[in-house]
Each structure stands twice: as C-alpha cells, then as structure tokens.
Amino acid sequence: MSPTVSEGAAAIAAVDLGASSGRVMLGRVAPDRLDLVEVNRFPNVPVRVAGTLHWDVLALYRGVLEGLRAAGREAGQITSVGIDSWAVDYGLLDAGGALLGNPVHYRDERTDGAMDKVLAGVPAAEIYRITGLQFLPFNTLYQLAASAGSPQLAAARNLLLIPDLLSYWLTGIAGTEVTNASTTQLLDVGTRTWSDRLLAVAGVPADLFPPLRQPGDGAGELLPDVLDDTGLAGPVPVTAVGSHDTASAVVGVPAAGERFAYVSCGTWSLVGVELDTPVLTEDSRRANFSNEGGVDGTTRYLRNVMGLWLLQESIRTWNAAGLPADLASLLHDAARVPAFSAVVDANDPAFLPPSDMPARIAAACRRTGQTPPQSQAETVRCILDSLALAYRTAVHDAVRLSGRDVDAVHVVGGGARNGLLCQLTADACRRPVVAGPVEAAALGNVLVQARAAGVVHGDLRALRQLLRSTQQLTVYEPRGNDAPWRAAAARIGR
C-alpha cells in the first residue's frame, strides 16, 4: 500500500527508469517528512529492428510526460523534476539537435569482441589507472569502438546518456551528469573530467559530450511545449540528480554511519561500499571492481552482479512457453528446496543476452559437474542461492580491497521485497541485512532535488537520517554457519 502524500510539503517529481520498467514518483518533502507515491508506471520493452536491439526511447519519453501530468494533477505545483536511469547507453544528436536513430541496448551483440580490440591497443592496467572502472563488454567505451566508422557516429554532434537525453527533450539544454558519465569508462576517476587518451581510443572528439553537471546543479526549465503537454504551470526547474540510478539508490541507503555495504538489487545488482577516494590497485583491477562517481564527491566502490535478470528472464521464458510462473508461488516453493542443490556463477557471461535462461542455467550446472535443476522451484532456488553467493563474494572482496569493514548489508531496490533472497544474503555475508526501501533510487533522486531546492539541508548522513525516520525497513539476522557457503563457492571455483 502506498504511503499517503503529506500536505504542506514541497512536491518533487522523480523519474526513475529501470531496464524493465519506468516510473514517475511524486515525493512530498519537508525537514521531518518524506513521502513517496507512484503516479505513473510504464513498461520498458526493447525492440529488435533489422538485427539490432534498441531501446524504445520515445515510448519512455511519453511515459515521462504522462507521469508529469499525473504528478501535477496530484500535487498542483511541482517544485522540481529529476531523472535517473540505467548507465552506459546513449543517444546521438545531429547539429540541429535531432536524434540520430533509437539508442542501442547494451545487451545487443554489436559489442562482441570490441573490448578485445580496445585492449589490444591500450593495456587494461592503463585504462583502469585512468578510469578505475570494471571491465564490462557493454561499457560506453566499447559501444563507441564498435560503432567506429558508422554514418550515425560520423554525423553526431552530441552524445547524451539516457537521462541526459530525456532532460534535453524536457528543457532544450544539453549536459552530462557526472555520476552517469563515470560509468562510460571514458572519465578520469581522479579529475572527474573526460580522458583525452580514452576519447582518442574511442575515436570521438571531446566536444561530442556537452558540459559536465554535478548532482544538484540546475539543468534548465520545462519548455513551453512540455508545460502544454503535461498541464503543469511554469516555471518548473529540472535538477540534475545522481542520474545513474545506482548513484541515486546509494543516496537512498538508510545507513547510520559509514560501515555499511549495499546491494542495489534490481535487474542488475550493484554490490559495494561507499568511499571517500577510489581504489586503483592492481588487486582491485584483477577483482574487476568499479570506482563509480557518487553524490557529494563520494566513490561507489562496487561490482556488478547479474542480478534479478536471471529470475526475470526465467519467468519470461516460462510464460512464453505457456507454463505458469507466478513469482510469489515460485518463491514459496523455492524456500522448500534444499539449499545448494545446484549453484552457478551469477556473473557468467553466458547469462547476459536475452534467451532461454533456465536452459542456460542447466548447461552451466552440467559444465561444473552438478545435476541441473529439475523443476521451476529448483531453478529459482539455484538462482537465489547463486545470487547470495555472488553478493557474499562481492562484499568480502570490497572489504578486503578497500579496507572498509562493514557492520551490515543494506539491500535496496526491488530485491528488498524478496524475503528469501534477503535472508540468504544475511546467511551468506554473515552480517545483518537491512532490507528497504524498495524505491531507494527514486528516494535518493527526490532527496538530492529537495536539498538543491532548500527544502532539506545537510550532508548524506543527514539525508539518510530522514530516510531512517520515515521509511519501513526489515532486518534479517544471519543464520547457520559459514561452512556450507564455503563449500558452495568451491563448486564454482570461488
């Protein structure tokens, strides 16, 4: 049940776009109050055209406009609008500001082999020393390398990451928000400016990217035609937030101090700790950890884990085959399956593209000499045990590599609703898990806007105190002992 929107507080619209759906959330914020209601949710369904997988970005923009109209009906005057989304993907604009084709989805096969070509010319150690970023085949650096010589790239005069593209359509002003820029593997992690060396590797000029913005910076005001489309009364400012959804989600972690780990758990799971400075050691590079930009100059030291994509794609496969696949029933049945009947490496690249996920999980089990899951419930239990195992490894590695010990693991995002996964994560990490809030990204988005508008004040600690006093949280204490988890990790070479 959604909380009641409080009266007498600033009304702030947070656009939060995920890999499978988008939503516009209306926050009501005062110094001692933070309420959030969903005013519009819309699907985010990619489209394959002529062999290339694209985002349907115009449908997303329509969902944003409809959501802003709904927010206006609910609240009247809107104080500010902010946008966050997934990372790395972008739209190209021509000299007149027109979009040069639909943005390509990071799961498209066009980047196959692109990383190897880049690394053949620039050592991985050098790229990591500059960017501190995890090596993932779909990073923007490799997307651009794969597009080298294409007519679209040749005609482009601006590259806008997805939230910046939507912000540009709302305001007519182009900019690049820095937390999302930090995921491209083109930004210098030390200076938080574009790396001339890596832009040259990608084959693009520095002026392809508009000026960098910090979270809290103004990004313009809604254009007259947008005000007409949404029914809002101007002026309505747009505020840059942590536009990478994980940057906003980490703001939305209700931690009491600095000794915490987080699992931002959605289609992807981002697992790590919050630091003041990046970790650029060779051990960190070999462990494939990212130093991504956070709000207030922090570093999100994390590892990407495949996340609930494994479960979402399994359910999609079963539904397409006409098999019943109700999530609540599947989780109920999975809880009765013996632990560690089968486990897989959740980060196996074989799981990245869309297709028959249960078949790929079964194949991975056979490759490691295990009996594959024999039912839907066994497949779901395999996924959840494997995710908890991946979170355990990531948390332990983050502590070891950063020197920052943690007293608790905060699970935020959609995975906070999954009680079985949260309990398994507590058991695996040997630390209490604090689950919630589910809408951490939207809450972090709202808080950064509210602070920029002068509605709330203070540093991240103060913002998180407001979260702890207003949001419902659930604590899972670790059970059992560590030996079964060590044994399960050994089965997949961890």
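The values are calculated or read from the model by the stated rules, or taken from the named source; none is laboratory data. It should be emphasised that the depicted structure is a prediction, and the values quoted were computed from it without experimental measurement. Note that we place each Cβ from the backbone using ideal geometry, even for glycine, and neighbour counts take in every protein chain shown. Accessible surface areas use protein heavy atoms only, side chains included; no ligands, DNA or RNA. Shrake-Rupley method; radii C 1.70, N 1.55, O 1.52, S 1.80 Å.
Residues of region 361-375 being within 21 Å of PRO324 (Cβ to Cβ) and open to solvent by 40 Å² or more (accessible area, probe 1.4 Å), which ones? Across region 361-375, the qualifying residues are GLN374, SER375.
Just for region 377-418: of the residues that are assigned to a helix (DSSP H, G or I) and basic (Lys, Arg), which one is farthest from SER269 (Cα to Cα)? Step through it out loud before you land on a result.
The first filter runs over region 377-418 and keeps only residues assigned to a helix (DSSP H, G or I), leaving 377-402, 414-417.
Right, trim to basic (Lys, Arg) and you get 381, 392, 400, 417.
Numbers: ARG381: 17, ARG392: 12, ARG400: 20, ARG417: 14 Å.
Ranking the qualifying residues of region 377-418, first place goes to ARG400.
Kindly check whether there is at least one residue in region 241-250 that is of a type in the set (Asp, Glu) and modelled with pLDDT under 95. No, every residue in region 241-250 fails to be of a type in the set (Asp, Glu) and modelled with pLDDT under 95. Scan region 135-145 residue by residue and report those that are part of a loop (DSSP other than H, G, I, E, B) and open to solvent by less than 10 Å² (accessible area, probe 1.4 Å). Within region 135-145, just ASN139 meets the criteria.
Only one residue in ALA120, ALA148 is out of contact with any Lys or Arg (no Cβ under 9 Å at 6 or more places or on another chain) and part of a loop (DSSP other than H, G, I, E, B), so which one is that? First the steps, then the outcome.
On the way: ALA120 fails: part of a loop (DSSP other than H, G, I, E, B).
It is ALA148.
Cβ-Cβ contacts under 8 Å between residues 6 or more apart (or on different chains), taken from a first residue in region 459-474 that is of a type in the set (Val, Ile, Thr) to a second residue that is not in a helix (DSSP H, G or I), are listed as THR470/ARG33; THR470/LEU34; THR470/ASP35; THR474/VAL434; THR474/ALA435; THR474/GLY436.
Sort through ARG464, ARG494, ARG468 and tell me the only one that's among the charged types (D, E, K, R) and either closer than 22 Å to GLY218 by Cα or not in a helix (DSSP H, G or I) (or both).
Values: ARG464 fails: either closer than 22 Å to GLY218 by Cα or not in a helix (DSSP H, G or I) (or both); ARG468 fails: either closer than 22 Å to GLY218 by Cα or not in a helix (DSSP H, G or I) (or both).
None of the others qualify; the one that does is ARG494.
Listed here are the residues, each with its yes/no results for (1) closer than 21 Å to ARG494 by Cβ; (2) within 22 Å of the chain's Cα centre (by Cα).
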{"site": "LEU270", "(1), (2)": "yes, yes"}
{"site": "ALA287", "(1), (2)": "yes, yes"}
{"site": "GLY294", "(1), (2)": "no, yes"}
{"site": "GLU313", "(1), (2)": "no, yes"}
{"site": "GLY322", "(1), (2)": "no, no"}
{"site": "PRO349", "(1), (2)": "yes, yes"}
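Would you pick out the residues in region 77-86 that are within 20 Å of ALA452 (Cα to Cα), assigned to a loop (DSSP other than H, G, I, E, B) and open to solvent by less than 40 Å² (accessible area, probe 1.4 Å)? Within region 77-86, just ILE78 meets the criteria.
The set of residues in region 376-412 being open to solvent by 10 Å² or more (accessible area, probe 1.4 Å), in contact with a helix residue (DSSP H, G or I) (Cβ under 6 Å, 6 or more places away or on another chain) and closer than 19 Å to TYR301 by Cα consists of ARG392, LEU401, ASP405.
Of all residues in region 175-218, those satisfying the criterion of being under 24 Å from ASP56 (Cβ atoms), touching a residue at least 60 places away in the same chain (Cβ under 8 Å) and not in a helix (DSSP H, G or I) are GLY175, GLU177, THR183, THR184. A single member of LEU100, LEU93 is touching a Gly at 6+ places or on another chain (Cβ under 9 Å) and either in contact (Cβ under 8 Å) with a residue 12 or more places away in the chain or within 29 Å of LEU133 (Cβ to Cβ) (or both), and it is LEU100. What is the residue count in region 254-277 for residues that are surrounded by 22 or more Cβ atoms within 10 Å (Cβ to Cβ) and either touching a Pro at 6+ places or on another chain (Cβ under 9 Å) or among the polar types (S, T, N, Q) (or both)? Here the count works out to 3. Quick one: in region 47-76, which of the residues that are assigned to a loop (DSSP other than H, G, I, E, B) and modelled with pLDDT of 95 or more is farthest from ALA247 (Cα to Cα)? In this case the residue turns out to be ALA50.
The rows are residues; the columns are (1) at pLDDT below 95; (2) assigned to a loop (DSSP other than H, G, I, E, B); (3) open to solvent by 50 Å² or more (accessible area, probe 1.4 Å).
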| site | (1), (2), (3) |
| --- | --- |
| ASN288 | yes, yes, no |
| TRP318 | no, no, no |
| ALA325 | yes, yes, no |
| ARG336 | no, yes, yes |
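Condition check ((1) touching a Gly at 6+ places or on another chain (Cβ under 6 Å); (2) open to solvent by less than 10 Å² (accessible area, probe 1.4 Å)) across all residues:
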{"position": "ILE130", "(1), (2)": "no, no"}
{"position": "PRO151", "(1), (2)": "no, no"}
{"position": "VAL178", "(1), (2)": "yes, yes"}
{"position": "THR183", "(1), (2)": "no, yes"}
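The set of residues in region 420-472 being closer than 17 Å to ARG259 by Cβ and open to solvent by 30 Å² or more (accessible area, probe 1.4 Å) consists of ARG430, ARG431, PRO432, ASP459, ARG461, GLN465, ARG468.
Restricting region 220-246 to residues that are touching a Phe, Trp or Tyr at 6+ places or on another chain (Cβ under 9 Å) and open to solvent by less than 10 Å² (accessible area, probe 1.4 Å) leaves a set whose member that is farthest from LEU170 (Cα to Cα) is THR246.
Find the residue count for region 48-70, including only residues that are among the β-branched types (Val, Ile, Thr) and either within 22 Å of the chain's Cα centre (by Cα) or crowded, with 18+ Cβ neighbours inside 10 Å (or both). Talk me through it step by step, then tell me what you get.
The first filter runs over region 48-70 and keeps only residues among the β-branched types (Val, Ile, Thr), leaving 49, 52, 57, 64.
Add one more test, that the residue is either within 22 Å of the chain's Cα centre (by Cα) or crowded, with 18+ Cβ neighbours inside 10 Å (or both), and what stays is 57, 64.
Adding up the residues that qualify gives 2.
Mind checking which residues of region 298-315 are part of a helix (DSSP H, G or I) and in contact (Cβ under 8 Å) with a residue 24 or more places away in the chain? If the condition is that a residue be part of a helix (DSSP H, G or I) and in contact (Cβ under 8 Å) with a residue 24 or more places away in the chain, then TRP309, LEU310, LEU311, GLN312, GLU313, SER314 are the ones that fit. Screening GLY97 against (1) in a strand (DSSP E or B); (2) surrounded by fewer than 17 Cβ atoms within 10 Å (Cβ to Cβ); (3) not aromatic (Phe, Trp, Tyr) leaves a single unmet condition, (1). Checking each residue in region 247-279 for being touching a Phe, Trp or Tyr at 6+ places or on another chain (Cβ under 7 Å) and of a type in the set (A, V, I, L, M) picks out VAL250, VAL253, VAL263, VAL271, VAL273, LEU275, VAL279.
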